[in-house]
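Okay, so here's the structure we're looking at.
The values are calculated or read from the model by the stated rules, or taken from the named source; none is laboratory data. Being a predicted model, the structure only gives us computed values, none of them experimental. A quick note on method: Cβ atoms are made from the backbone with ideal geometry, for glycine too, and the neighbour counts reach across all protein chains shown.
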Amino acid sequence: MNNLLSEEILFRSYSLEHVLSVCFGIALGYLIIFKTKHWTYLAQRKLLLSLTIFIALFQLLKVPIKIMQGVFDPTLDLPLHLCHFLPFFLIYIFYFLNRNLWAILFFWVVLGCTQASITPTLIVSLFNWDALRYWALHFLIVIVTLYPMFNWKWELKFSDVWKTIVGLNVVALIIYLINVQLGSNYMYLNAKPPGKNLYAFFPEWPYFILIIEVILIVFSHLLYFLYKYLLGLKPKNK
């Protein structure tokens, strides 16, 4: 096992470490979602706020650590990837109990962060601090986003599907303009990420952006109908 700052051991997708990490995330999700369902509503809300604040702080910690190591790069280390800035929105959602914003982010989180766990862009292996940050970020974001659906019965509407698609395109346009200014590739809008991941099967820029759009539309609808027909939570149509 490498220490918190060592980058000598590289992460390998679909290795035993990868499988065990995902299994741990699933087990953690089960414990947090289903073992706290009998807590008071106030206690559950405090739990979600605490977890989202922890994720946000852990993510922000990346900047001073990189500066301390002398390797900070504004084109790589700012919290401008989708999963990296979502915790800040989630803090707002659970503080103000904003179901509408939650419904929009629900699709981003479940589709994006789940995909990031299955085909990670992680470079270093456990127990490097960045590997811990990566897994904590992606597991906990999914867990806290699913929590209101299971325990508070927050509902999705069909209109939320198109709100999430339009919203993500607006965010992507903003991040793209930042990428142009910084010469960066946040949200992988200007080039495919390296390594073994979903993007490896796509053509080069800008054509893979069109494929991502189609995938977003198709899988957002599939996720909604999975929610509607399999979970039996009686989503609204308006």
Mind counting the residues in the range 194-212 that are surrounded by 14 or more Cβ atoms within 10 Å (Cβ to Cβ) and either touching a residue at least 40 places away in the same chain (Cβ under 8 Å) or under 17 Å from CYS83 (Cβ atoms) (or both)?
5
Condition (residue is modelled with pLDDT of 95 or more and not hydrophobic (A, V, I, L, M, F, W, C)) applied to the range 3-20: is it met by at least one residue?
no
Taking ILE67 and the conditions (1) touching a Leu at 6+ places or on another chain (Cβ under 9 Å); (2) farther than 30 Å from TYR224 by Cα; (3) at pLDDT 90 or above; (4) of a type in the set (Val, Ile, Thr), which numbered condition does it fall short on, given that it satisfies the others?
(1)
What is the residue count in the range 35-84 for residues that are surrounded by 12 or more Cβ atoms within 10 Å (Cβ to Cβ) and outside any loop (DSSP other than H, G, I, E, B)?
23
CYS113 meets each of (1) at pLDDT 90 or above; (2) part of a helix (DSSP H, G or I); (3) hydrophobic (A, V, I, L, M, F, W, C) with one exception, condition (1)
Find all pairs meeting these conditions: Cβ atoms under 8 angstrom apart; at least six residues apart or on different chains; first residue within the range 92-120 and on the phi > 0 side of the Ramachandran plot; second residue buried (at least 16 other Cβ atoms within 10 Å of the Cβ) and at pLDDT 90 or above.
LEU97/ARG45
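Here is a check on your reading of the model: is THR52 within 28 Å of ILE123 (Cα to Cα), out of contact with any strand residue (DSSP E or B) (no Cβ under 6 Å at 6 or more places or on another chain) and at pLDDT 95 or above? Don't jump to the end; show me each part of the working.
On the way: within 28 Å of ILE123 (Cα to Cα): yes; out of contact with any strand residue (DSSP E or B) (no Cβ under 6 Å at 6 or more places or on another chain): yes; at pLDDT 95 or above: yes.
So THR52 fits the description; yes.
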Per the filter on the range 166-191, residues buried (at least 16 other Cβ atoms within 10 Å of the Cβ), within 18 Å of the chain's Cα centre (by Cα) and of a type outside the set (Val, Ile, Thr) are GLY167, LEU168, ALA172, ASN185, TYR186, MET187, TYR188, LEU189
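Taking the criterion of being in contact (Cβ under 8 Å) with a residue 60 or more places away in the chain and not acidic (Asp, Glu), would at least one residue in the range 82-90 satisfy it?
We begin by selecting, within the range 82-90, every residue in contact (Cβ under 8 Å) with a residue 60 or more places away in the chain; these are 82.
Cutting the leftovers down to not acidic (Asp, Glu) gives us 82.
Looking for residues that are in contact (Cβ under 8 Å) with a residue 60 or more places away in the chain and not acidic (Asp, Glu), one finds at least one in the range 82-90, hence yes.
Residue check: is LEU137 part of a helix (DSSP H, G or I), aliphatic (A, V, I, L, M) and either in contact with a Cys (Cβ under 9 Å, 6 or more places away or on another chain) or over 26 Å from CYS23 (Cα atoms) (or both)?
Numbers: part of a helix (DSSP H, G or I): yes; aliphatic (A, V, I, L, M): yes; either in contact with a Cys (Cβ under 9 Å, 6 or more places away or on another chain) or over 26 Å from CYS23 (Cα atoms) (or both): yes.
Judged against the criteria, LEU137 is a match.
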